[in-house]
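S.K.: First the structure, then my questions, so here it is.
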Amino acid sequence: MHLNAFLMGVGHHEAAWRHPRSAPARLTDVRHYQELARIAERGTLDSVFLADGLALAGKVRHNALGGLEPLTLLTALATVTERIGLIATVSTTYNEPFHVARTFASLDHISGGRAGWNIVTSAGEAEAANFGVERPAHATRYARATEFLDVVTKLWDSWEDDAIVADRAAGEYADLAKIHPIDHTGEHFSVKGPLNTSRTPQGRPLLVQAGSSEDGKEFAARHAEAAFTAQQTLQDGQEFYADLKRRLAAYGRRHEDLLVLPGISPIIGSTEEEAYALEEELEELIIPAYGLAQLSYMTGVELTDEHLDGPLPDVPVETEGAQSRRRLVVELARRDGLTVRQLLSRLAGGRGHRVVAGTPEQIADQLQEWFFNGAADGFTIMPPLLPSGLELFVDHVVPELRARGLFRHEYGSHTLRAHYGLPRPRSRYAARREPAAV
């Protein structure tokens with residue numbers, strides 16, 4: 001299976017910063033993240049992943065937010081690691097293709113072929129306000145994202161692999177016939193090209209997508225090579241997995257061309273009692289006001305203390321925001337008959353991702369069950385506390401997975417694409433230069 005470590009501040013539990021095992025002052029300390037990356041690499045994990053948002057949105061009062069920009073941070077992580085993949089979230093709604101193509105190409109060169117791009121369309125209204133615009137409609141964001149990605153991949157392809165000649169005697173550094181303007185003109189972008197950074201070690205950085213709406217799944221099936229997703233039950237995981245894989249054929253893609261990596265937040269103890277005690281410690285540190293604000297944002301319903309001990313009110317079905325997460329939260333509340341207070345507790349550990357407490361063997365059982373039963377190609381690990389939760393996973397769960405023959409003992413490759421078993425794509429322009437077969 002494939003394992004991706006989601007590094008988020010001092011832990012994924014919303015109360016992590018209040019726990020004595022965390023150090024919230026390290027939120028902007030690059031050494032904290034370098035330590036996390038080295039721990040993950042010690043466990044031979046495929047990659048580390050950094051999420052990102054483009055607004056603070058008033059959430060900082062009760063949670064430790066305000067971390068570092070992910071691409072800048074991953075460059076620092078690249079200098080202290082050698083093999084582990086480095087995936088950053090960057091929005092297609094509030095950036096330009098040329099800039100994104102160049103920064104990811106630079107990271108791929110700096111890291112020796114370990115860069116990955118988590119493509120998001122930025123659903124928040126507060127994010128739009130930071131750029132002086134109104135939030136585009138859901139369908140508009142995905143239409144822009146599709147063209148955005150087309151431009152970026154053209155730019156990555158604009159240098160062929162052998163464009164650099166470096167012939168000192170002849171005074172020829174590059175073969176201009178192998179460096180191509182892309183001459184893109186579309187609905188959203190007009191880009192001449194070529195990129196002013198040569199072709200990268202991976203050819204193109206790995207493409208990741210995290211949306212689970214209909215538009216998101218179709219986008220992933222057409223473009224993504226890894227999908228981050230959130231499901232609460234094995235059946236939900238199986239249905240999402242089958243649906244996403246089924247869509248690949250329409251785009252001429254194979255089952256193995258897209259890896260599905262659902263999120264899981266493991267609360268690990270040497271015994272069940274120890275794991276449950278840690279879970280209880282974290283729950284006792286929850287601040288309901290923060291959870292209510294988060295849940296109000298997810299559902300589009302203004303929730304107050306008066307709602308805490310009652311069921312979740314009716315939630316609008318349609319939204320121009322994050323559609324899949326709203327649907328997941330509502331289904332969870334309805335299926336398990338949760339009060340709002342209980343729902344807040346369930347969401348505190350992973351914002352809708354599955355939270356599992358238990359021994360290393362029990363955590364491995366959970367991963368194996370999903371992996372063997374058509375719900376996952378691997379997992380995005382979301383430790384509730386950092387660094388301790390990641391250390392426990394690497395030092396105790398990974399050895400259990402290795403003992404079961406489910407995970408590597410050492411890296412067998414150097415690039416992120418190779419870790420994920422994905423081919424290195426060729427430049428589309430090089431393919432056009434080849435003569436037709438006789």
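The values are calculated or read from the model by the stated rules, or taken from the named source; none is laboratory data. Bear in mind the structure is a predicted one, so any value in this text is a computation, not a measurement. Positions of Cβ are backbone-derived with ideal geometry, glycine not excepted, and every protein chain shown enters the neighbour counts. In case anyone asks, the SASA skips ligands and DNA or RNA and just uses the protein heavy atoms, side chains included. Shrake-Rupley method; radii C 1.70, N 1.55, O 1.52, S 1.80 Å.
S.K.: If contacts are Cα pairs under 8 angstrom and at least 6 residues apart, what is the relative contact order of the stretch 182-258 in percent?
M.R.: 22
S.K.: The stretch 244-362: percent of C-alpha pairs farther apart than 24 Å?
M.R.: It works out to 41 percent of all Cα pairs.
S.K.: Sticking with this structure for a sec: Any idea what the dipole of the chain comes to, in debye rounded to 20, about its Cα centre with Lys/Arg Cβ at +1 and Asp/Glu Cβ at -1?
M.R.: 1220
S.K.: Still on this model: Where the centre of each part is set by its Cα atoms, how far does the stretch 1-39 sit from the stretch 65-117, in angstrom?
M.R.: Cα centroid of the stretch 1-39 versus Cα centroid of the stretch 65-117: 18 Å apart.
S.K.: In terms of modelled amide H atoms, which long-range or inter-chain residues lie less than 5 Å from the amide H of Thr339?
M.R.: Answer set, sorted by chain and number: none.
S.K.: Here is a follow-up. Calculate, in whole percent, how much of the Cα-Cα pair population of the stretch 6-57 lies beyond 18 Å.
M.R.: Distances greater than 18 Å cover 38 percent of the Cα pairs.
S.K.: So what is the relative contact order of the stretch 231-383, in percent, for Cα pairs below 8 Å that sit 6 or more residues apart?
M.R.: 44
S.K.: Ser265's amide H: which non-local residues (gap 5+, or another chain) put their own amide H closer than 5 Å, with H modeled 1.01 Å from N in plane and none for Pro or chain starts?
M.R.: Amide H neighbours of Ser265: Arg354, Val355, Val356, Met382.
S.K.: Calculate, in whole percent, how much of the Cα-Cα pair population of the stretch 70-204 lies beyond 20 Å.
M.R.: 53
S.K.: Filter the DSSP H helices in the chain by two things, a Kyte-Doolittle mean of at least 0.0 and an axial alpha-carbon span of 15 angstrom or more, and list the hits by number.
M.R.: Helices meeting the criterion: 97-111, 288-299.
S.K.: Now a separate question. Which value, in debye to the nearest 20, gives the size of the charge dipole of the stretch 302-438 about its Cα centre, when Lys and Arg are +1 and Asp and Glu are -1 at the Cβ?
M.R.: Using Cβ point charges on Lys, Arg, Asp and Glu, the stretch 302-438 gives about 1020 debye.
S.K.: In whole angstrom, how far apart do the alpha carbon centroids of the stretch 179-241 and the stretch 295-371 sit?
M.R.: 27
S.K.: Something else about it: For Gly85, list long-range residues whose amide hydrogen, built 1.01 Å from N in the peptide plane, is under 5 Å from its own amide hydrogen.
M.R.: For Gly85, whose amide H was placed from the backbone, the distant partners under 5 Å are Ser47, Val48.
S.K.: Return a whole-number percent for the relative contact order of the chain, with Cα pairs under 8 Å and 6 or more residues apart as the contact set.
M.R.: About 23 percent, as a whole number.
S.K.: Please report the spacing between the Cα centers of the stretch 398-433 and the stretch 254-269 in Å, no decimals.
M.R.: 15
S.K.: Leaving out ligands and nucleic acids, and using a 1.4 Å probe, what accessible area per residue does the chain come to in Å²?
M.R.: For the chain, the per-residue accessible area is 43 Å².
S.K.: Treat every Asp and Glu Cβ in the stretch 49-132 as -1 and every Lys and Arg Cβ as +1, leave all other atoms uncharged, and give the resulting dipole magnitude about the Cα centre to the nearest 20 debye.
M.R.: Rounded to the nearest 20 debye, it is 180 debye.
S.K.: Shifting gears a bit: On the Cα set of the stretch 248-297, report Rg and Dmax in Å, please.
M.R.: Cα-based Rg and Dmax for the stretch 248-297 come out at 19.2, 50 Å.
S.K.: Taking every pair of alpha-carbon atoms in the stretch 295-405, what share in percent sits in each 5 Å bin, from 0 to the bin with the longest distance?
M.R.: 2, 10, 17, 18, 15, 13, 12, 8, 3, 1, 0
S.K.: Hey, which aspartates and glutamates would be in cross-link range of Lys192, C-alpha to C-alpha under 16 Å, not counting anything within fewer than 8 residues on its own chain?
M.R.: Partners found: Glu96, Glu147, Asp150, Asp157, Asp183.
S.K.: Using Cα springs under 10 Å in a Gaussian network model of the chain, which residue among Ala227, Ala51, Ala101 shows the largest mean-square fluctuation?
M.R.: Ala51
S.K.: Determine by what factor the alpha-carbon radius of gyration of the stretch 359-401 differs from 2.2 N^0.38 Å, reporting the quotient.
M.R.: The reported ratio for this selection is 1.15.
S.K.: For a quick protection proxy, order the peptides 363-375, 340-352 by their average other-Cβ count within 10 Å, most packed first.
M.R.: My ranking of the peptides, most packed first, is 340-352, 363-375.
S.K.: Report, to the nearest whole %, how much of the accessible area of the chain belongs to carbon and sulfur atoms, 1.4 Å probe, protein only.
M.R.: 50
S.K.: Taking Lys217 as the anchor, which lysines have their alpha carbon closer than 26 Å to its alpha carbon, excluding any fewer than eight residues away along the same chain?
M.R.: Partners found: Lys154, Lys245.
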